[in-house]
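Q: One structure, pasted below without further comment.
All of the numbers you see were taken from the coordinates with simple rules; none came from a lab. Everything quoted here is computed from the prediction, not taken from an experiment. Here Cβ is always computed from backbone atoms with ideal geometry, including for glycine, and neighbour counts include all displayed protein chains.
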Amino acid sequence: MISQEAIARLRAAEIGPRKLFIDGGHADAESGAVLPVVSPIDGREFAAIPDGGAADIDRAVRAARSAFDKGSWSRAAPARRKKVLLRLGELIEGHADELAVLGVRDNGTEIAMAYRAEPLSAAGTFRYYAEAVDKVFGEVAPTAEAVLGLVHKEPLGVVGVIVPWNFPMMIGAWKIAPALAAGNSVVVKPPEIASLTLLRLAELAAEAGVPAGVLNVVTGRGATAGEALGLHMDVDAIAFTGSGPVGRRLLEYAARSNLKRVHLELGGKSPNIVFADAPDLKQAAKVSANAIFRNSGQVCVAGSRLLVQASAYDRFMEELLRATEALKVGDPLDLGSDVGAVASEEQLEKSLGHVAGAEAEGARRLTGGTRILAETGGSYMAPTIFEDVAPTMRLACEEVFGPVLAVMRFDTEEEAIRLANSTDYGLAAAVWTANLSTAHRMVRAIKAGVVHVNTYGGADITVPLGGVKQSGFGRDKSLHALEKFTELKTAWIAL
Ligand code: NAD
């Protein structure tokens, strides 16, 4: 773990204007325009990024295509790709302090979480897919003797990666690493409010030996740079994590352009279900508070709907309130902070709007609901809990993506299942029970990409992550993620 001294040194580092990373080198946006980078820690501008547009995306896609066609990466011996990606994992880990502090200055996640979730997780992801390069390969089909049927796995070509600001390195690595491992060239469009770590990642990739043009990063706004990537006629696939409305746009862009593959990892309204026979209610309450309030609730799998069995309701809520009040919200670069800043003023306003809406609809606020630490100039919000939330209220249906928890009661298992499945989302869930049969029945009945049992979060790179229903249909992580970035080609050979 990083030390407070290292944080103090790195938080003072001058960042200044950054550049795009195209074809192995730095470049300005063709228009010359820049976007200010404002830290949610104190509201101060501390860097600037190019406001890339369609011309820059086009330049990056051309570089990516040219590198792909040359074959220095796409047709490199697997052992070489493996070595380079392993080296990149090492470089990320070697720069973990720098990357973690840079990322926190950009998006406000508490450093204790960001350090593990961003550089360390990204390093592990690059190593995982590096190891897979020479272990995942094609098939020989069981044909009649007179023929030979081969199934080749080929890279797609140019992959566009578009990610959100909550964990740009972790989520970026979940897409960039398997895409590169499979031999593709990549163009990344980072989130406009947290681009700095992905720009640095491109530099480290070049240092590790990723050839020029194979990994390009074009910063800019979603509506301009993002749209241009989605519409580009020479991009073979888009791997996206973000909101539902933007996911829908990407599907439209694909339909209007070249029918590129689109993989969507979208939002959630994940149910966290506590049965009265949970093995340890106190521990369940502590984990449940973390499941919604860490990173100020800006976690795609956040347990934002808490369903508690009526017979344990009062006992559990007492523990939950205690655990919530024990969370220290403060400077995200203080190792003692449990919760840092909300990523932007816009995001904070959105969460406060949900608070006002929940009160207007008759939900009961138990704690929080306000902006705090305004004297810092930064964007901070108190962890907020509402009870008596009816399943039809907006707070029960819409993703807040902020530190706001909706609590509901249930009596029976059937009622818990009905409530759990009552939203348009299906990303994650948790069940707390000591009864093995209840746990397995719930895992089967809940419509979600992941169901945790007696824990929340923490699923590592070995297992897939993705949603059902309107939480999307892509799968990040695990060997399955490689399927998004490879094409199957059949060779049918008469012998
Ligand atoms: P967002 O959809 O607003 O932005 C995501 C990315 O899309 C950004 O890089 C943005 O610049 C880009 N974008 C915006 N408009 C675009 C357009 N018209 N064309 C192309 N690209 C465009 O989402 P956000 O606010 O950055 O992130 C929050 C959302 O991400 C939440 O819904 C959250 O649940 C979701 N999320 C999902 C997962 C998951 O694994 N399923 C993980 C993290 C976050």
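Q: Once the other residues with Cβ under 14 Å from the Cβ of residue 316 are scored (Lys, Arg +1; Asp, Glu -1), what is the net sum?
A: -1
Q: Under 5 Å between amide H atoms, partner at least 5 residues away or on a different chain: which partners does residue 431 have, H built in plane at 1.01 Å?
A: Under 5 Å from the amide H of residue 431: 273, 452, 453, 454, 455.
Q: Karplus couplings for segment 359-367 from phi (6.51 cos²θ - 1.76 cosθ + 1.60, θ = phi - 60°), rounded to Hz, Gly and Pro as x?
A: Each residue's phi maps through the Karplus curve to give 5, 5, 7, x, 6, 9, 7, 8, 7 Hz.
Q: What number results when the radius of gyration of the chain, computed over Cα atoms, is divided by 2.2 N^0.38 Å?
A: So the chain has a normalised radius of gyration of 0.99.
Q: Determine the distance separating the Cα centre of segment 107-125 from the Cα centre of segment 199-221; give it in Å without decimals.
A: Taking the Cα centre of each part, segment 107-125 and segment 199-221 sit 19 Å apart.
Q: Tell me the relative contact order for segment 4-266 as a rounded percent, counting alpha carbon contacts under 8 Å between residues six or more apart.
A: Result for segment 4-266 is 24 percent.
Q: Provide the FRET efficiency to the nearest 0.05 for the residue 494-residue 257 pair, computing r from the beta carbons and using R0 = 60 Å.
A: Efficiency, rounded to the nearest 0.05: 0.95.
Q: With contacts defined as alpha carbon pairs under 8 Å and 6 or more residues apart, what's the relative contact order of the chain in percent?
A: RCO, the chain: 18 percent.
Q: Can you tell me the alpha carbon radius of gyration of segment 271-460 divided by the globular rule-of-thumb value 2.2 N^0.38 Å?
A: Dividing the Cα Rg of segment 271-460 by 2.2 N^0.38 Å gives 0.98.
Q: Determine how many Å³ per residue the convex hull of the Cα atoms of segment 11-66 encloses.
A: Cα convex hull per residue, to the nearest whole number: 93 Å³.
Q: Would you mind checking the radius of gyration and Dmax of segment 4-266 based on alpha-carbon positions, in Å?
A: Calculated on Cα positions, Rg and Dmax stand at 18.6, 72 Å.
Q: Could you give the nm distance between label points at residue 436 and residue 79, where each point is 7 Å from its Cα heading toward the beta carbon?
A: 4.7 nm
Q: For the pairs 19/269; 82/189; 269/489; 83/153; 83/328, flag any whose C-alpha to C-alpha distance is greater than 31 Å.
A: Table pairs above 31 Å Cα-Cα are 19/269; 269/489; 83/328.
Q: Let me ask another. I need the semi-axes of the equivalent ellipsoid of segment 276-315: take the C-alpha gyration tensor, multiply each eigenvalue by 5, square-root it, list largest first in whole angstrom.
A: 21, 10, 7
Q: Looking at segment 371-433 from every direction and averaging, what is the projected area of its Cα convex hull in nm²?
A: So the mean shadow area of the Cα hull is 5.6 nm².
Q: Given a cut-off of under 8 Å on Cα pairs at least six residues apart, what relative contact order in percent is computed for segment 271-460?
A: Rounded, it is 28 percent for segment 271-460.
Q: Expressed as a whole number of Å, what is the distance separating the alpha-carbon centroids of segment 132-153 and segment 308-359?
A: 52 Å
Q: In a Debye calculation with equal point scatterers on the alpha-carbon sites of segment 293-345 and no solvent, what is log10 I(q)/I(0) at q = 0.17, 0.23, 0.29 Å⁻¹?
A: Debye curve over Cα of segment 293-345, log10 I(q)/I(0) at q = 0.17, 0.23, 0.29 Å⁻¹: -0.66, -0.95, -1.13.
Q: Additional query: Just add up the charged neighbours of residue 196: K/R +1, D/E -1, any other residue whose Cβ is under 15 Å from the Cβ of residue 196.
A: So the environment of residue 196 carries a net charge of -2.
Q: Taking the simple approach of a point 7 Å from Cα along Cα-to-Cβ for both residue 33 and residue 373, what is their distance in nm?
A: Result for the modelled spin labels: 3.3 nm.
Q: Can you tally the net charge around residue 236? Count Lys and Arg as +1, Asp and Glu as -1, for every other residue whose Cβ sits under 15 Å from the Cβ of residue 236.
A: It works out to a net charge of +3.
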